[in-house]
Amino acid sequence: MTTGSWQDAALVLAERDEVIKRLVDETGLPEVRPPEGSHFGALVQAITYQQLAGPAARAIHGRLIAAMGGSAEPERLLALSDDQLRQAGLSGAKAASLRDLAAKVVDGTVVLDPAGLAAESDEDVVARLSSVRGIGRWTAEMFLMFQLHRLDVWPTGDLGVRKGFGLAWHIATPTPKQLEPLGEPYRPYRSVLAWYCWRAAELYGTATASAVTR
């Protein structure tokens with residue numbers, strides 16, 4: 001899916017829904033960056049960046065990529081020793097997560113080739129990725145949205161989405177269970193709905209601008 005597809009979807013939703021129309025008028029159409037690098041590389045970066053500030057995460061990620069010879073590939077990662085991973089700055093837990101990811105890509109548990117991914121539903125992808133140590137549902141959903149550009153992902157567990165929905169639609173912040181059915185009218189473009197929830201949290205709340213909306 002292209003950025004144009006996100007923008008086209010936003011226009012469709014704006015015709016359906018007054019709140020989305022207001023958000024489109026106030027914030028413009030979604031600007032979603034094209035994915036950079038391989039799918040495996042994106043997941044390696046996601047694991048590396050977990051619970052780290054930007055500069056520290058970038059430094060560790062850069063050393064890890066350098067240790068793999070400049071390219072994130074599962075076989076190259078598996079060839080690294082524990083000492084090399086430690087020297088890159090990775091904790092034992094993150095090193096174990098990265099090894100698990102690489103091993104499951106190699107053995108086919110996690111499918112990342114374009115043809116294989118095209119045959120899988122969003123829930124299939126989430127289930128496979130969630131089998132990897134250190135990858136939860138939220139990380140899998142962000143991969144679907146911003147690496148694969150799938151348009152109907154609804155990350156109900158994301159606090160920013162929940163807060164933004166409450167602020168934009170003038171209701172109390174819904175729980176994940178309450179939020180699930182609230183997204184139904186916006187199928188098949190719930191990824192775009194989530195993007196506008198993040199923007200609403202920035203506009204009407206105290207959330208700062210994030211990588212997903214800039």
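The values are calculated or read from the model by the stated rules, or taken from the named source; none is laboratory data. Quick caveat, the model's predicted, so the values are computed rather than measured. Because the Cβ atoms are built from the backbone with ideal geometry, glycine has one as well, and the counts that use them run over all protein chains shown. Note: accessible area is taken over every heavy atom of the protein model, side chains too, but ligands, DNA and RNA are not part of it. Shrake-Rupley method; radii C 1.70, N 1.55, O 1.52, S 1.80 Å.
Numerical summary
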{"quantity": "Matching option when the condition is within 15 Å of E141 (Cβ to Cβ), assigned to a helix (DSSP H, G or I) and either open to solvent by less than 70 Å² (accessible area, probe 1.4 Å) or touching a Leu at 6+ places or on another chain (Cβ under 8 Å) (or both), among L179, L167", "calculated": "L179"}
{"quantity": "Residue that is more than 22 Å from E141 (Cβ to Cβ), modelled with pLDDT of 95 or more, open to solvent by less than 50 Å² (accessible area, probe 1.4 Å) and not in a helix (DSSP H, G or I), where the choices are L90, L77", "calculated": "L90"}
{"quantity": "Members of segment 28-37 found to be at pLDDT below 95 and either charged (D, E, K, R) or open to solvent by 30 Å² or more (accessible area, probe 1.4 Å) (or both), listed by number", "calculated": "E31, R33, P34, P35, E36, G37"}
{"quantity": "Where a residue in segment 107-133 is over 15 Å from L43 (Cβ atoms) and open to solvent by 50 Å² or more (accessible area, probe 1.4 Å) and its partner, wherever it lies, is at pLDDT below 95 and aromatic (F, W, Y), with Cβ under 9 Å and at least six apart", "calculated": "none"}
{"quantity": "Residue within segment 155-164 that is within 22 Å of V12 (Cα to Cα), free of Cβ contacts under 8 Å to residues at least 60 places away in the same chain and outside any helix (DSSP H, G or I) present", "calculated": "yes"}
{"quantity": "Segment 41-58: number of residues that are part of a helix (DSSP H, G or I), hydrophobic (A, V, I, L, M, F, W, C) and open to solvent by 20 Å² or more (accessible area, probe 1.4 Å)", "calculated": "3"}
